[in-house]
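First up is the structure itself, then whatever we jot down about it.
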Ligand SMILES: C[S@@+](CC[C@H](N)C(=O)[O-])C[C@H]1O[C@@H](n2cnc3c(N)ncnc32)[C@H](O)[C@@H]1O
């Protein structure tokens with residue numbers, strides 16, 4: 001898989017939304033990743049998306065409002081930011097994720113991050129939590145898209161894999177109760193790759209730091 005092979009159609013493969021919805025509603029689902037060399041299957045960490053960890057709090061500390069929570073999932077980060085008094089909007093391609101985010105008391109819209117977004121160019125932070133720099137399988141394209149979404153003095157805040165593990169571009173699909181979705185592109189980005197990817201996407205500033213067993217990155221224009 002190369003980053004250039006990613007098309008808008010890939011992000012809307014049949015069954016992905018349905019199986020992700022089932023997972024958010026409590027069914028056991030697995031995400032299966034294939035990078036052309038290795039195939040890895042892991043349970044979708046839905047429980048992790050409902051509770052804040054210490055590392056999540058560090059990520060939240062890097063956010064200044066208004067915040068666009070990109071791929072907000074069931075909304076734990078959006079809800080926590082709202083509780084901190086920051087204006088925040090969650091966006092997600094899965095309607096059930098949007099519903100659950102709203103149930104947690106935060107604002108959310110059903111949107112694809114690569115499509116039109118409200119308040120383009122005015123967000124102070126675009127948050128990519130729980131590996132969401134992987135959305136679309138092309139981190140440079142995602143960062144470049146978010147460069148237009150944030151304000152001139154805005155930032156992209158993300159979490160990253162440990163430095164030295166490299167950037168892996170994978171195709172993934174979901175498996176749930178004997179059903180299998182179409183595949184979609186995803187990327188896993190490590191902390192040492194972020195500065196190069198950010199520079200290619202047109203950003204000038206980038207710092208990374210270890211926090212409570214995870215790495216976070218802050219990218220500025
Ligand atoms: C790994 S989960 C992270 C959930 C959430 N950020 C959290 O930490 O709890 C990825 C989320 O990104 C959403 N997503 C995937 N592609 C997207 C896109 N193109 N635009 C918006 N959201 C997307 C998925 O539906 C899913 O809810």
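Where a number appears in this text, it was derived from the coordinates with a stated rule and is not lab data. Note that the coordinates shown come from a computational prediction; the quantities given were computed from them, not determined experimentally. Cβ coordinates were reconstructed from backbone atoms using ideal geometry, including for glycine residues, and neighbour counts include every protein chain displayed.
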- Message: Test of understanding: ordering 77, 42 by Cβ neighbours within 10 Å, fewest first, what list do you get?
- Response: 42, 77
- Query: Between rounded, prolate and oblate, where does the chain land on the alpha carbon gyration tensor, with a ≥ b ≥ c its root eigenvalues, rounded for a/c under 1.5, else prolate if a/b exceeds b/c?
  - Reply: rounded
- Item | Relative packing of peptides 15-24, 116-125 - highest average C-beta neighbours within 10 Å first | 15-24, 116-125
- Note on the structure: With only helices counted (DSSP H, runs n ≥ 4, each -39500 (n - 2.57)), the per-residue ellipticity at 222 nm for the chain, to the nearest 500, works out to -6500 deg cm²/dmol
- Message: Once you keep just the Cα pairs under 8 angstrom separated by 6 or more residues, what percentage relative contact order results for segment 72-178?
- Response: 21 percent
- Got the relative contact order for the chain handy, in percent, Cα pairs under 8 Å and 6 or more residues apart? 22 percent
- Item | Ordering of 26-33, 182-189 by burial proxy (mean other Cβ atoms within 10 Å per residue, highest first) | 182-189, 26-33
- Global form of segment 137-221, assessed from the alpha-carbon gyration tensor, a/c cut-off 1.5: prolate
- Item | Antiparallel content of DSSP bridges confined to the chain, in %, to 5 | 65 percent
